[in-house]
1. Once you have the Cα-Cα distance between GLU554 and LYS180, take 0.36 nm times their residue separation minus that, and quote the gain in nm to one decimal.
2. To the nearest 10 degrees, how steep is helix 152-165 against the longest Cα principal axis of the chain, on a 0 to 90 scale?
3. Would you mind computing the Rg to Rh ratio of the range 144-263 from its alpha-carbon coordinates, Kirkwood style for Rh?
4. What does the C-alpha gyration tensor say about the overall shape of the range 528-629? Classify as rounded when a/c is under 1.5, otherwise prolate if a/b is larger than b/c, or oblate.
5. Over the range 528-629, what is the relative contact order in whole percent, taking alpha-carbon pairs under 8 Å and six or more residues apart?
6. Using only Cα positions of the chain, each an equal point scatterer, no hydration layer, compute I(q)/I(0) via Debye at q = 0.05, 0.10 Å⁻¹ and quote the log10 values to two decimals.
7. Under the rule of -39500 (n - 2.57) per DSSP H run of 4 or more residues, summed and divided by the residues of the chain, what mean residue ellipticity at 222 nm is obtained, to the nearest 500 deg cm²/dmol?
8. Full-extension gain between ASP546 and ARG482, please, as 0.36 nm times their residue separation minus the C-alpha to C-alpha distance.
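Each reported figure results from applying straightforward, stated rules to the coordinates on display, with no laboratory input. Just so it is clear, the model here is predicted, and its values are computed rather than measured. No Cβ is skipped: glycine too gets one built from the backbone with ideal geometry, and neighbour counts run over all protein chains shown.
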Amino acid sequence: MARKSFLKIAGDLSFTDSSSPFSKLLDSCIKSKLSPNDVRSVHASIIKSPFFNEVYIQNRLIDAYAKCGSLEDGRKVFDKMPDRNVYTWNSLVTALAKLGLLDEADSLFMSMPERDQCTWNSMVSGFAQHDRCEEALNYFALMHKEGFVLNEYTFASGLSACSSLNDMNRGIQIHSLVAKSPRLSDVHIGSALVDMYSKCGNVNDAQQVFDEMGDRNVVTWNSLITCYEQNGPAAEALKVFHVMLRASVEPDEITLASVISACASLSDIKAGQEVHGRVAKNDKLRNDIILSNAFVDMYAKCGMIKEARFIFDSMPIRNVIAETSMISGYAMAASTKAARLMFTKMTERNIVSWNALISGYTQNGENEEALSLFCLLKRESVCPTHYTFANILKACADLAELHLGMQAHVHVLKHGFKFQSGEEADIFVGNSLIDMYVKCGCVEEGYLVFRKMMERDCVSWNAMIIGFAQNGYGNEALELFRKMLDSGEQPDHITMIGVLSACGHAGLVDEGKHYFSSMTRDFGVTLLRDHYTCMVDLLGRAGLLDEAKSMIEEMPMQPDSVIWGSLLAACKVHKNITLGIYAAEKLLEVEASNSGPYVLLSNMYAERGQWSDVMNVRKLMTKEGVKKQPGCSWIEIQGHAHVFKVKDKRHPQKKQIHSLLDILRAEMSQEQDHAETGSLSSEKRDY
C-alpha cells in the first residue's frame, strides 16, 4: 500500500475496539519491508488505544521492529512490558539469533522463565547459520535431553551444522533420530541428509538416502549432483542430471553450475556445450554471473581458451572469479604473457588470483618468474596460503635454489603450518619441503622435515624414499621403506619406483629382484614400464647386461627410449660394444632424432680406437639431420648464476678458471700416478 494511505489508516485506528487491525498493519510492515518509522507510526496509534498493554500486540511490535531493522526499539518495548509470556521472549531471542547477536541471544535464553520448541529451534538455527556449529549441536543435544519434540526445522539445522563441521558421526546420530520420527518423509530433511553425507564425503549413503526418498525437489537433486561433482566420480553427476531431466524437474542455476564444473573435471566439452546451449535459451539464466564464471572455467580447463575469452568478454559484469579462471586457462595453454597481462589489468585480486599465476609459471617451467611474483606478493602484504608455498617450493626445487627454498621454509614456519590433514589440510606443503631439500642435495634437512611432520601420507614417504635413493642413500631408502610398511601406510607404484631405484644405487641386486617379483602379490601394485626401467638400470649397473636385455624383450609392453637408453649407458660403462650397438639401433628405432645414442655409440668406438666407426656415426648424424645439443652446467655464487656451455668462451674469468683447472688436473694426475699430465694447451681448449 502507498505510505500516505498506510499512515492515514494507522492514525484512524486509535479508537478501534480490537487489536486485530494493529496486528494486520504490523504484518503489512513486515511483508512490505517498510522502515522502522512506519512501525513507529503504528506503535504511536497503539499507545493511544486501549490495547497498549496487551501482551499479544506488544509481541507483534517486537517482531515488527526486529524484522524492519530496529531491534533497539523492539528491545525497549520488551524491557517496558509489565507482563511477558513465552512468545514475548521468543520474539526477541529469535531476532537476536537471526541477526547473529548470539551471545546476547544465549544470555536472554538462559534467563527465560520457560522455553518451548520454538525457543530451542531459534537457538539451534541461529548458531548453525552463523558458523558456530559446535554450539548449535550442543543446543540440539540439550533440546533432545530436555524432552522437547524435534521437528523438521530442528533436524535441518542440526544436519546443516554437521555438514559445516564435516562431522559424520553426529550426522549419523541425527539420522537415526530422524528415522524414529514421523518427519522421515519430509523432503527438506531428506535433502539435508543428502547434503550432510555429501559434505562428509560419503557418496554411498548420500545416494541411499536419495533413493529412499518418496518426494524430491530441486534442492534434493542439487545435493546429489553436487555430491558426485565434489567427491567423484564426476561422471555420475552427469548421469544424475540426465535422470533429473527425464523426471521433468527443471534445473536451476545451482544445478547447472555443478554440472558445468563436472564437465570441466572430466574435460567433457561436448556435454558442457549442451549445457551451454540450454542456458543460452533461458532469458533468466543467460547472463547469470555464476554460470558465466563456470563456463569460462570449463572452456579454459578444456583447453578452449578462445571460447573462454569470448564468454569472458561477453559478460556484462566481470568479477575476480572469471578473471582468475582466465589466468589459469592462459597458463594451461602456455600463454603466460597473456596470463600476466590479465593479472596486471585486474582491479581486484585475491590470493587465488596470485596462486593461479604463480602456479602457471611453475607449470610452464618459468620458475624465476614464479619466485619474482612471490616477492611482489610479499611486498604487497598479501597473505600466502599453503598452495602458494607448495608452488614456490616446487620452483626452488626445479631451480635447485637452496637459499630461496630455505627462505620459503622460514615463511612456512612463520605461518604456522602443521603438516596435517583436516579441513585445511597442509601435508602437501611438508611434502614440497622434503622434495625441495632432496632435489637440492640436502637429504638430512629433508629427513628432518619428514620426521617433524605431525602427519604423513603416502606422498611424504615416497618423497623421502626417492630422495634417499636419488642421492645415493640406497640402504637408508630401504630402511625407510620398511618403516613405512610398519606404520601401516600402503605403498603405491611410485613407492616401488623409489625402492627399486634404491636397490640399483646400493647394488642390491637380489633385494631388487625380490621386490620386483613380489610387489603385485604383496602390495597389489601393478607392474608398469617405469618399474621395468628401474630393473634394467639395476641389472645394467651390476653388469648383468644379458639379463637386462632378456627382461626388455620379455616385457608385456613396448620398451621406450628411456629403457633402451639405460641399457645403452650400461653397455658403455661395461664396454660391451656388441650389445651397445644393438641397444643403440633399438633406441634409434624409437627416437631417431635423439642425439644421445649417436654420442654414446661414438664414444664407445672411440674408447676402443675404432676411429672409422666414429666417423661413420658422425656421418650418419649429419645425414639424418641430428644435432647434438651443447652441454650446459651452472653454479650460483653470491646470488649470481654462472652458466658454462661447450666451446663457450664468453665468461669474463675464463683465464683464471682454466689456470685453476690446469692445477687441478696436474694434482689429479700425480695422485693417480698417470703417465700423462692431461693438461691441455690453451690453443686446443674447447672452452
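1. So the chain would gain 128.4 nm between GLU554 and LYS180.
2. 30
3. Numbers: Rg = 14.2 Å, Rh = 14.4 Å.
We get a ratio of 0.99 for the range 144-263.
4. It is oblate, given that a/c is not under 1.5 and a/b is not larger than b/c.
5. Contact order relative to length: 21 percent.
6. Values returned for q = 0.05, 0.10 Å⁻¹ are -0.42, -1.25.
7. So the helix-based figure for the chain works out to -22000 deg cm²/dmol.
8. Numbers: separation 64, 0.36 × 64 = 23.04 nm, distance 3.08 nm.
Residue separation times 0.36 nm, minus the Cα-Cα distance, leaves 20.0 nm.
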